[in-house]
Amino acid sequence: MANITKVFSDIDLTFTRKPAGGDIALSYDSQAVIRSVRNLIQTNHYERLFNPDLGSSISSLLFENISPLTGAILEREIQNVIENYEPRAKVSSVVATPDYDHNGYNVAITFFIQNLTSPTTISVILQRNR
Amino acid sequence: MAANSSVQFTELDFDNIKTNLKTFLQSQDTLKDYNYEGSALSVLLDVLAYNTQYQAFYLNQVANEMFLDSALQRSSVVSHAKLLNYTPKSAIAPAATVNVTVNQVSDSSLTLPAYTNFLSESVDGTNYNFLTVTDTTVNVVANTATFNNVTIKEGTYATSTFTVDKSTNPKYTFQIPNANVDTTTIQVKVQQSLSNTSYVVYNLASNYLTLGPTDNVYFLQEGLTGYYEIYFGDGILGSQLTDGNVVKVSYLVTNGSAAAGANSFVLMDSISGYSNTITNSITYASHGGDKESIDSIKYQAPKSFSAQNRAVTKNDYITLIQQNKLGINFDAVNVWGGEENNPPVYGQVFVCLKPSGSYTLTQTQKKLIVDQVIKPVSVLTVTPTIVDPDYTYIQLTVNVYYDPALTTLTSAQIQTGVSGAISNFAKSSLNTFNSNFNAYDLLSAVQKYDTSIITSEYTMQLQKKFYPILTNTETYNLYYNTPLERGILLSGVNSSPAMQFRDPSNLSNILEGVYLQEVPTTTSGISSISVTNPGFNYKATPIVTILGDGTGASAHAVIVNGSISSIVVDNPGSGYTSAIVNITNASNDTIGSGGAASVTLTGQIGTIETYYYSSAGVKTILNSNAGTIDYTNGIITLNNFGPYNIDNPLGQLTVSVKPTTSIISSTYDGIITVDPFDSNAIIVNVIAKKSR
């Protein structure tokens, strides 16, 4: 049987161990891209050394009043950071729906990963966390 | 995993280090996402690259500080200098000399104690405190005590007291808690204990070879914090302190060169209760200096090391004199062997010194330099001789054309600014031995002052300043060391200020307003006679006769082995436009023949005369042959010159001439300078002109 070639491979920031061998766990292909997108969204400006532009201002936006307007800004932020720093993901839509009861937004990010035909969707609930 | 060949270690920049790590990861396929900024791998690469850069930067800094050439921190430079046995120079207090007269004294003798306070006149808006540094006692004559030539130094007196405790200070190192201490004024006394106040004076250690366990010496160094520290012997090199000793360090805290130039002082304290005092200044405050800079330490320390505290080569002398511990700072030092003099003087070393803030050293200071700085370390048979610099002053008149449309500055501002630019130029490129003045550099400095300056031109006079002796006549030689311009219609030589002479026809009559001038003639005397045929068989020196349209020329021949070897001009005469030489045999010589010579009229020698305006306003010549001017060699000689008085408080006479070249060079003992005390040294005329 031929080896399956992995196009993308990255370490997992949770630093868990593989059950077999105890080596550090890796994430591959779509999983790696999804991890990368998550990392970018969760990074604030000035967090990365010598690269202050990288990241988004999502954590500060979550402290704004919940409104469809803030939601729209949130969508734009997420889309920008992915377009600028993750060339493997072609964003098709970002939808941030205010969840007034939980002081947060339900965000659905849909994007196409290179080499894959079907779209990938990440659904996350963004809540402020202090 | 990857081959290590793709790792590079030479980069110090964050981005390059990260690129190197990425290049390294290219050679493996386990982790491929290193190129994507969002990947977890990229975060790890950032941390690794940052850590590498941090370490590399730190190591680079450490490596820099490890060498005298590249160190930036003062503490590192001082520490490297310490290995070369070099202690950086502290700030040096400017010193002045005063005479103090105390009236209505009823005692038989009076002491002017050390650390008596004087207040100076204002220098740049500040009055500085000056102090005596030693006790002086004089006998009182007719109820008046006169203290002559008292040295006072700028600063405030301070004392630091330390109690010796080996448990807290095992190295017996004591820091002087003031950055501006003048270390040449430090006095160290070690008291037995707090209760037993008998004390011993400790001196600064100088020669470590002869140091024994009982020598009462202290050592001086600059500490890591920039403050000076004194420390004591270990019982082998210098005597050791014991617990309970009290170290008392007294010193002056000075403002360095800031007070230089102060010339008027007021005594602030009463002397033993007497306050009817008069203070006259003899010399103004000079020789002060600021704490040695990092650059200067880097420059001086290796030279001090190479001199090894011995004066053998020229540079040894220069280094030793620059680093003297007498508290005298020098702007320029030049040293040459007497064999280079004309005529040569063998067995002597000539040292020419330009002190900071003044023109010459006093006789006492020269003796101190010879006896305490040079003699102890120089070669036995070589005699050091200190000569004063020979100053040639440049007086400049600069015409500046500027376009008012191109600047917001007024013409007065341009005038002041250009004048400042010229004096900065003079300070930085002249004022030292073996320097050159040239027109291009001067006009560039003027042009750079403001973009609105279209063009500029200058005229220059060279000046010699000297103090003629008024009591009797003397011969003075003024060496300009450059060819001088001959006056054609007007005199190229002038003098200032006005002099007074006794009227030769009536010695009790004083003539006012006497000046020097050159006789503006187009012809002159005989410059030289060259032998065209030496002849033969001369038994006696033949007679040389000069024939021509002038008068007064005479010469004699020099005979070697019956032939004329040369003809020496005794008197150049004057008024010649053409001349020939006749050589006739002496009366007792009948066989000598064949000698011939030709005359060179170069107009080399001119005449200096003195003139004044009579009461009727008629220009009158006082002495038509007051001296000579040698145009080629640039020498003015004043023969039997004895003015009655000179209209200048200092009695200084200035003689100005015009040079033929625009490049003026100074030599061994020559310094070219623009006199900062002369308000007419730089004259700037500003003329408005449209540039197009």
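The values are calculated or read from the model by the stated rules, or taken from the named source; none is laboratory data. The shown structure was predicted, so the numbers you read here are calculated from the model rather than taken from an experiment. Because the Cβ atoms are built from the backbone with ideal geometry, glycine has one as well, and the counts that use them run over all protein chains shown. The protein model used for the area step is the full one, side chains on, heavy atoms only, and it has no ligands, DNA or RNA in it. Shrake-Rupley method; radii C 1.70, N 1.55, O 1.52, S 1.80 Å.
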(message) Quick check on A:Ser59: is it polar (S, T, N, Q), in contact (Cβ under 8 Å) with a residue 12 or more places away in the chain, open to solvent by less than 80 Å² (accessible area, probe 1.4 Å) and within 27 Å of B:Tyr50 (Cα to Cα)?
(response) yes
(request) Given the conditions (1) in contact with a helix residue (DSSP H, G or I) (Cβ under 8 Å, 6 or more places away or on another chain); (2) among the charged types (D, E, K, R); (3) assigned to a loop (DSSP other than H, G, I, E, B); (4) within 14 Å of chain A (Cβ to nearest Cβ), report the number of the one that B:Asp29 does not fulfil. (result) (1)
(request) Would you point out the residue of region A:80-99, among those that are away from chain B (no Cβ under 14 Å) and buried (at least 17 other Cβ atoms within 10 Å of the Cβ), that is nearest to A:Val37 (Cα to Cα)? (result) A:Val94
(message) Please verify whether A:Leu40 is of a type outside the set (D, E, K, R) and facing chain B (nearest Cβ under 8 Å), treating the condition exactly as stated.
(response) yes
(message) For region B:663-692, which positions are at pLDDT 85 or above, more than 20 Å from the chain's Cα centre (by Cα) and of a type outside the set (Val, Ile, Thr)?
(response) B:Asn680, B:Asn685, B:Ala688, B:Lys689
(message) So, B:Asp390, is that one touching a residue at least 60 places away in the same chain (Cβ under 8 Å), closer than 21 Å to B:Ile671 by Cα, acidic (Asp, Glu) and in contact with a strand residue (DSSP E or B) (Cβ under 9 Å, 6 or more places away or on another chain) or not?
(response) yes
(request) Could you please find all residues in region B:32-80 being assigned to a loop (DSSP other than H, G, I, E, B), more than 9 Å from chain A (Cβ to nearest Cβ) and not small (Gly, Ala, Ser)? (result) B:Met66, B:Phe67, B:Leu68, B:Asp69, B:Leu72, B:Gln73
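Among the residues of region A:2-14, is any among the β-branched types (Val, Ile, Thr) and more than 10 Å from chain B (Cβ to nearest Cβ)?
Looking through region A:2-14, at least one residue is among the β-branched types (Val, Ile, Thr) and more than 10 Å from chain B (Cβ to nearest Cβ).
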(request) Select from region B:323-370 the residues that are under 17 Å from B:Gly288 (Cβ atoms) and of a type in the set (D, E, K, R) and write down the one among them that is modelled with the highest pLDDT. (result) B:Lys354
(request) For region B:410-451, enumerate the residues that are open to solvent by 40 Å² or more (accessible area, probe 1.4 Å), among the charged types (D, E, K, R) and within 19 Å of B:Lys689 (Cβ to Cβ). (result) B:Lys448
(message) Which condition from (1) at pLDDT below 85; (2) surrounded by fewer than 18 Cβ atoms within 10 Å (Cβ to Cβ) is the one that B:Thr660 breaks?
(response) (1)
(request) Pull up region B:13-23, narrow it to residues that are assigned to a helix (DSSP H, G or I) and closer than 23 Å to B:Tyr58 by Cβ, then point me to the one that is nearest to the other protein chains (Cβ to nearest Cβ). (result) B:Phe14
(request) Select from region B:75-128 the residues that are among the hydroxyl-bearing types (Ser, Thr, Tyr) and in contact with a strand residue (DSSP E or B) (Cβ under 8 Å, 6 or more places away or on another chain) and list them in ascending order. (result) B:Thr87, B:Ser90, B:Thr97, B:Thr101, B:Ser108, B:Ser109, B:Thr111, B:Tyr115, B:Thr116, B:Ser120, B:Tyr128
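Conditions (1) open to solvent by 50 Å² or more (accessible area, probe 1.4 Å); (2) farther than 23 Å from B:Tyr631 by Cα; (3) within 40 Å of the chain's Cα centre (by Cα), marked per residue:
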site: B:Pro504; (1), (2), (3): yes, yes, no
site: B:Gly535; (1), (2), (3): no, yes, no
site: B:Asp549; (1), (2), (3): yes, no, no
site: B:Ala553; (1), (2), (3): no, no, no
